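In what follows, a structure is listed as structure tokens, so that the remarks can point back to it.
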Amino acid sequence: MVTLTETGYYDKVYGGWLGKLIGARIGEPLDGQRQTHELTADSLNNLATYRPGPSPSIDLQLVWLRALQSVGPKLNAQDLATAWLRHVTYVESERAHAYANLRRDLRPPISGVFDNPFRRSLGGLERADIWGLVAPGDPRQAAHYAGQDAMLDHAGPGVEAAILAAAMVSAAFVESDPARLIEIALSLLPADSRVARAVRDVARWHGELAHWPRTREMLLRSHGSDDVRDSALAAALTSLALLHERGDFVRTLITAANCGWSTHSTCAAAGAVVGVIAGASGLPAAWRSLVDEDVRSGWGLVGLGGSSPPAVLAQQTLEVGRLVIRSECAGRVQLAEEAPDEPAALAATDGSALTRQLAMGPYVTTFRRGPLEVSVDYDACASIGYDVPRRLAIGLTNTGARSFDLRTTISAPAGFIVTSNADRLTLAEGTSVSFVATISAHEERARLAAVSPCTLFVSLDDGTEITVPITLVSESVWYAAGPYGSFDEPHAPEQAGILSGETPLGGEGWRRLSVSEPSVNLLAAMAGEPGTYYLATDYLLPRARMARLRVGCNDGVRVWLHGQEVFSHHEHRPVAPTSADEFAAELWEGWNRLVIKMAQCSPRRFLSAVLLDQDRHLLLEAVNTFPRG
């Protein structure tokens, strides 16, 4: 049993907040720089005049505190999604794609993985420390919260890194040895996960070398990524700084900064851990002066704006933490007026339930409906295309106190065909049953909208009818031609009629693609030799409007809209979500022809296309799910 005093709990929560804010302050000027640095404590004096702007990760933590206050400690991912839609309007990186998915009614964890090129990024890690602060001394509960949070806009390593960070902060209320903190956090991750492997290798190499530059070099060589915001690298570099400096507050932050890469995130994550270890009372006064008197919220926070001193944030966190300790940490953590005679000890951490959940993958979503728990497994994709059946595995668990006879049906849009291997079922108390349903849309009978909402109906023998939404996003229709020769020369597709939209797509030399994730990679289904390719589609809009077009590519591109060239560049770049260009696009009411010419020089194929509104939200009203008629 972990016993914390109110005074000690507040001091460590306050230390965690200060450590995060100080770390972010130190890391932000170097963020995104891939090289190492040579900062020292003396060289940080110039930060006294640097004023960082508001942080979306901190704003989201304020939203989570409000959600805990309003919903209570048993909140789940859907409760967090509801709070997100109510209070958060940020439109950059993973947050933009998650916001669009939530507006499509794609539930977590699907909201974090579907058509999200940033799903492996580190946004979840950036805000995970709040869960360790509200679940002190209970790494498993902190990790559970962090996983529910991160799956809103991430998947895979993006969720795992958040779990690791939250667990380390929680354990730091009791343990001060970074090696032990990392060991505890790793016990909550699948052993073969990318984050676990990267962090475990860092711990081993550091034990052998005790030289952070060499360990960093080996990390990048073995687990490197083109993406500077890669979550596995961020988790491993955070761990390296903690291990090398053995939890010393100042040296840990300096080493995290000197490692480079995503320093805003790694310094803040490391700062939260060592801030909890030291407590606010143990932080150097000179470093505490780096924190502004008020933490300001950003433009993307709605209904919770303003500013608060860090001490007030710590007090709010403490008040919520009391509720969590009494409700979710009972038997493992308690608050007392006086410290116990013997030092606190963490309860044994059983991460089996969490690792089983992670092993299910990000395409299984669960609903609680009365006495039933209903799971829908989308079979690795939440989209549907013409003449490509979508297979769903549906599970029903009876959590009630009696057996049920039940009947299941699935409704779908007009022209869709639904088949199922189950209709009438008997479900005994405490048992589960699963069945498979297939949904098809044939092109001659159905018309795919941007989103195709389906519904599962479960009728119980007592007259109760349970409904569960099943949202399918319609696949985009694109046409590809190529390969051709030099990128600098015009080729057959550069005909005026094709570029303007007067000539229908799909003639000789074109092949049709059904693209499930155009924001991630239009070329996922393409294979072939290097060369110059053309990708084209027709968007249908209900009204004319100004928009933004974001095109990502690792080689050269030229872009035509309505027959006019609107963008051109030829540059070799990493295969990463950030390798994209954004520019204005005037869209017409009705059909809009978009043609992209791309050079594909390397074996790694990457091309993405995203339409945004003027506020840079994904433009969901633009539809290219069927050929121009």
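A short reminder: the numbers here are calculations on the coordinates, not readings from a lab. Keep in mind that what you see is a predicted model, and the values were worked out from it rather than measured. Please note: Cβ atoms are built from the backbone with ideal geometry, for glycine as well, and neighbour counts cover all protein chains shown.
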Quiz item: Exposure proxy check: Ser176, Ser579 ranked by fewest other beta carbons within 10 Å?
Solution: Ser176, Ser579
Exercise. Taking amide H positions as placed in the peptide plane 1.01 Å from N, state which residues far from Thr625 in sequence (5 or more) or on other chains have amide H under 5 Å from it.
Key: Val477
Quiz item: If you place +1 on the Cβ of every Lys and Arg, -1 on the Cβ of every Asp and Glu, and leave all else neutral, what size is the dipole of region 442-583 about its Cα centre, to the nearest 20 Debye?
Solution: 300 debye
Self-check item: Proxy reagent accessibility, fewest Cβ within 10 Å first, across Glu126, Glu245
Solution: Glu245, Glu126
Quiz prompt | Neighbourhood net charge (10 Å Cβ-Cβ; Lys/Arg +1, Asp/Glu -1) for Leu540 | solution = -2
Exercise. State the answer as a single residue: which of Thr366, Ala437, Val473 lies farthest towards the positive end of the charge dipole of region 363-474, with beta carbon charges of +1 for Lys and Arg and -1 for Asp and Glu, about the Cα centre.
Key: Val473
Exercise. Evaluate E = 1/(1 + (r/R0)^6) for Trp588 and Thr467, where r is the Cβ-Cβ distance and R0 equals 41 Å; express this FRET efficiency to the nearest 0.05.
Key: 0.60
Quiz item: With charges set only on the Cβ (+1 for Lys and Arg, -1 for Asp and Glu), what does the dipole of region 146-263 come to about its Cα centre, in debye to the nearest 20?
Solution: 280 debye
Quiz item: Residues with beta-carbon under 13 Å from that of Trp84, excluding Trp84: net charge, scoring Lys, Arg +1 and Asp, Glu -1?
Solution: +1
Exercise. Beta carbons within 10 angstrom, averaged per residue: use that to sort the peptides 610-620, 183-193, 100-110, 455-465, highest first.
Key: 100-110, 183-193, 610-620, 455-465
Quiz item: Taking the structure as given and computing Rg and Dmax of the Cα atoms in Å, which label from (1) 25.9, 84; (2) 26.8, 89; (3) 24.4, 79 fits?
Solution: (1)
Exercise. Note down the net charge around Ser403, summing +1 for each Lys or Arg and -1 for each Asp or Glu among other residues with Cβ under 12 Å from its Cβ.
Key: -3
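Suppose R0 equals 35 Å; then what is the FRET efficiency for Ala348 and Thr409 from their Cβ-Cβ distance, rounded to the nearest 0.05?
Working: r = 46 Å, r/R0 = 1.30.
The pair Ala348/Thr409 has a calculated efficiency of 0.15.
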Quiz item: Quick one: if you stick a label point 7 Å off each Cα along the C-beta vector at Glu429 and Phe457, how many nm between them?
Solution: 3.0 nm
Quiz item: Calculated from DSSP H runs of 4 or more alone, at -39500 (n - 2.57) each and per residue, what is the 222 nm mean residue ellipticity of the chain, nearest 500?
Solution: -10500 deg cm²/dmol
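Grab the beta carbon distance between Arg391 and Thr578, set R0 = 45 Å, and tell me the FRET efficiency rounded to 0.05. Walk me through the intermediate numbers first.
Working: r = 34 Å, r/R0 = 0.75.
In this case the efficiency is close to 0.85.
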Self-check item: Ranking of Cys329, Cys601 by count of other Cβ atoms within 10 Å, fewest first
Solution: Cys601, Cys329
